[in-house]
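Take a look at the structure below.
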Amino acid sequence: MKNLFDLYVRSYTLTKENAPEFFDIVDDIYETAEFQSMADFIQHANITRLQHIMSVAYMSYRITKEKGLDFVTATRGAMLHDLFYYDWHVPGDGSHRLHGYRHPGFALKNARALFSLSEMEENIIKRHMWPLTPTPPKYKEGWIVCLSDKYCAHQESMVKLSPSRRKKFHNISEVLKK
């Protein structure tokens, strides 16, 4: 595996042609209208929730596969970790209070409505916000999703805020597109 930043940037260039195994694992989730609606919401900085989820899922997929863990379950759990249907940035909307603490439960409820989930997938979704949520992930795969989520959120903020990081991001993504 290359460094984590290169892996993060690669997640912006994913297609069914250049990442067939990844899409074989997630295509039934990816193709749903509910999942595609994540493109309508900003997650961090100016990155959509759909792209954020894809970055977390791809990073989790690559790391868990390299470590010999259950990469299929980790990837699917990561795809569903932020499946909630509201914009948490709307000021004055009290229903989104304590979003960081509450959205894993909303995502789990929404994922259950669409898919039959394994115990590990449920744990990944429910515990991905540790330490905001008090109980940590139960599985190694869940820890990888939790940390991948934090890494991607950090990068999304840094690419917007740091001109040098933005330039590096765009340079790498251009090379990867070729």
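None of the figures in this text is laboratory data; all of them are computed from the coordinates on show. All figures in this text were calculated on a predicted structure; none of them were measured in a lab. All Cβ positions, glycine included, derive from the backbone under ideal geometry; neighbour counts span all protein chains shown.
Checking every one of the GluC sites (Glu not before Pro) in region 2-39 against DSSP loop status and a limit of 13 other Cβ atoms within 10 Å picks out GLU17, GLU31. Note on SER164/ASN3: beta-carbon distance plugged into 1/(1 + (r/R0)^6) with R0 of 25 Å gives a FRET efficiency of 0.95.
Once both labels are positioned 7 Å from their Cα atoms along Cα-to-Cβ, the gap between ASN18 and LYS109 label points is 3.8 nm.
For the cross-link pairs LYS16/LYS150; LYS16/LYS109; LYS16/LYS126; LYS65/LYS138; LYS109/LYS138; LYS65/LYS140, which exceed 22 Å when the distance is taken from alpha carbon to alpha carbon? As for pairs spanning more than 22 Å Cα to Cα, those are LYS16/LYS150; LYS16/LYS109; LYS16/LYS126. Along region 145-150 the Karplus relation, 6.51 cos²θ - 1.76 cosθ + 1.60 evaluated at θ = phi - 60°, assigns HN-Hα couplings of 5, 4, 6, 5, 4, 5 Hz to successive residues, with x for each Gly and Pro.
Within 10 Å of each residue's Cβ, count the other Cβ atoms and sort LEU83, LEU114, LEU108 from fewest upward.
Details: LEU83 26, LEU114 14, LEU108 23.
Neighbour counts put them in this order, fewest first: LEU114, LEU108, LEU83.
Taking amide hydrogens as placed 1.01 Å from N in the peptide plane, the amide H of THR48 sits under 5 Å from those of GLN43, each at least 5 positions away in sequence or on another chain.
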